[in-house]
Amino acid sequence: MDWQAQITAAATRIRPHVQQTPVIETQGFGLTYPVELKLEHLQHTGSFKARGAFNTLLSQPVPDAGLVAASGGNHGAAVAHAAHQLGHRARIYVPEMAGPSKIALIERTGADLQVVPGAYANALELAQAYEQETGAMQVHAYDAAATVAGQGTCFAEWQSQGLAADTLLVAVGGGGLIGGALAWFQGRKKIVAVEPETSSALHQALATGAAVDVEVSGVAANALGARRIGDICLGLALAQDVTSVTVPDEAITAAQTALWRERRILVEPAGATALAALTCGAYQPAPGERVAVLICGGNIAPDPLG
């Protein structure tokens, strides 16, 4: 697939519907070198997911039965928002572990929200059954070409904003976001995959050479808790020999706290996971290596103003 062409087309398609998110360079967090941050948690519905959602809905006909999506929270909110903006019906399945903040965010869009026991995989099973039963269009959270191309627009945009870093650190759940990074840069930048130790589908797949089911838990599980890495992401990661690291929950919450205390950037644990790889030393840049971090999500729970 010509990923760059797909991402370029997606960027044109979704431009009226998404925010260009800001980039800052900052020093701190106990590091001895500056870090460039792209603040994608300022995107509509609080995460990068709006990009893939809008690209999916705008690149193909939506059936009369509407849309269905399974989500740990952020993807569901993005699909619900895009459906509302474009005038489509949407049913969203989320697990209870999504938490009240993300559930409330989806409810405010007017989507048909179904909260189910278990984890993301359980929600996906029900969404697939609904798709088969009704003919609704499934908007996959990460393992679909339109989703990956939409997420890739984040990195095309970052490049147009003057991205100078040699290395980008990206948090990984199912692989849609880092898949977009790999699809856009095609080896022109070093991409470091960062996952929680307790939810590491890509890390384990790279270790075995194939996708495997993993256990999912921890502070970032409602955003990064995919039980199995997406095939698109894994193919791109294997082809580009991506660097993969994991971080403990304590490092994630410490990075989350540092972002707030030092820069007044309030993010959910998933949004701090990539930075945690630097602050805890899981990834150590070489002398002179310029690094950048994608801040991916800001739907903190509980809602601090709720």
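The values are calculated or read from the model by the stated rules, or taken from the named source; none is laboratory data. It should be emphasised that the depicted structure is a prediction, and the values quoted were computed from it without experimental measurement. Counting neighbours? That spans all protein chains shown, and the Cβs are built from the backbone with ideal geometry, glycine included. Each accessible area value is taken on the protein alone, full model and side chains, heavy atoms only, with ligands, DNA and RNA left out. Shrake-Rupley method; radii C 1.70, N 1.55, O 1.52, S 1.80 Å.
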The stretch 33-57, subset open to solvent by 20 Å² or more (accessible area, probe 1.4 Å) and either basic (K, R) or in contact with a His (Cβ under 8 Å, 6 or more places away or on another chain) (or both), residue farthest from A90 (Cα to Cα)
H44
Breaking point among (1) at pLDDT below 95; (2) within 14 Å of G152 (Cα to Cα), for A70
(2)
Pairs with Cβ under 7 Å, 6+ apart, first in the stretch 5-19 and in a helix (DSSP H, G or I), second open to solvent by 70 Å² or more (accessible area, probe 1.4 Å)
H17/Q85
Of all residues being without any contact (Cβ under 8 Å) to a residue 60 or more places away in the chain and open to solvent by less than 30 Å² (accessible area, probe 1.4 Å) in the stretch 89-102, which is farthest from M137 (Cα to Cα)? Just the residue, please.
V94
Select, from H81, H140, the only residue that is closer than 22 Å to V214 by Cα, touching a residue at least 12 places away in the same chain (Cβ under 8 Å), within 20 Å of the chain's Cα centre (by Cα) and open to solvent by 30 Å² or more (accessible area, probe 1.4 Å).
H140
Of everything in the stretch 201-218 that's open to solvent by 70 Å² or more (accessible area, probe 1.4 Å) and part of a helix (DSSP H, G or I), which residue is nearest to Y120 (Cα to Cα)?
Q204
So the check is Cβ under 8 Å with 6+ separation or different chains; which pairs have a first residue in the stretch 284-305 that's closer than 12 Å to P269 by Cα and a second one that's buried (at least 19 other Cβ atoms within 10 Å of the Cβ) and aromatic (F, W, Y)?
C296/F48; G297/F48
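Could we say that A171 is over 18 Å from Q6 (Cβ atoms), out of contact with any His (no Cβ under 7 Å at 6 or more places or on another chain) and open to solvent by less than 10 Å² (accessible area, probe 1.4 Å) here?
On the way: over 18 Å from Q6 (Cβ atoms): yes; out of contact with any His (no Cβ under 7 Å at 6 or more places or on another chain): yes; open to solvent by less than 10 Å² (accessible area, probe 1.4 Å): yes.
Taking the combined requirement at face value, the residue satisfies it.
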